[in-house]
């Protein structure tokens, strides 16, 4: 199974009610994806459910890097607080485990996948289906978003590496 040395990317779509996770291996393989749905109640218990799932995922498949969606402030401030709490808990676990984290705005993910920063969920879903081998079965929006974030990072990383000067690439090989 791919692991840290194989460039495995963890994509995370954070949320208190539902958090999507995806493990992505280049060039276009989704190894697994899941959504952790928490039971309404105390926020601490919900965050613990999310972080326990993440720790188990990291233990089984240690990624080289993680990509996570930046906080988006929409109209619902209450859900933004929950997303911020989930992001904080997830970022703390990734830091604790030594996994480098890369953050992307929702519009960046949309541009990388579709070429259009205001793409809707249906457009993202169609482009994901066309660009990567998705796991069998129905995927919810959180899992799809996690895959999209991981794919965005893989492409951004590839672009950054190809844009590096030849001297920088040689230095990286040493």
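The values are calculated or read from the model by the stated rules, or taken from the named source; none is laboratory data. Bear in mind that the values here come from a model prediction, so they are computed numbers and not experimental data. Using ideal geometry, Cβ is built from the backbone for each residue, glycine included, and neighbour counts are taken over all protein chains shown.
Here are some notes:
- Residue 71 being at pLDDT below 95, touching a helix residue (DSSP H, G or I) at 6+ places or on another chain (Cβ under 8 Å) and surrounded by 14 or more Cβ atoms within 10 Å (Cβ to Cβ): yes
- Among the residues of region 64-97, those identified as more than 24 Å from residue 107 (Cβ to Cβ) and in contact with a strand residue (DSSP E or B) (Cβ under 8 Å, 6 or more places away or on another chain) are 64, 95.
- Among the residues making up region 74-87, those that are crowded, with 19+ Cβ neighbours inside 10 Å and either under 13 Å from the mean Cα position of the chain (by Cα) or at pLDDT 95 or above (or both) are 86, 87.
- Flag if residue 30 is under 11 Å from residue 9 (Cα atoms), buried (at least 18 other Cβ atoms within 10 Å of the Cβ) and either under 15 Å from the mean Cα position of the chain (by Cα) or in contact (Cβ under 8 Å) with a residue 60 or more places away in the chain (or both): yes
- Flag if residue 35 is in contact with a helix residue (DSSP H, G or I) (Cβ under 7 Å, 6 or more places away or on another chain), outside any loop (DSSP other than H, G, I, E, B), surrounded by 20 or more Cβ atoms within 10 Å (Cβ to Cβ) and in contact (Cβ under 8 Å) with a residue 24 or more places away in the chain: yes
- Residue within region 134-142 that is touching a strand residue (DSSP E or B) at 6+ places or on another chain (Cβ under 6 Å), at pLDDT 90 or above, closer than 19 Å to residue 7 by Cβ and assigned to a helix (DSSP H, G or I) present: no
- Which listed residue, of 12, 101, is surrounded by fewer than 17 Cβ atoms within 10 Å (Cβ to Cβ) and within 14 Å of the chain's Cα centre (by Cα): 101
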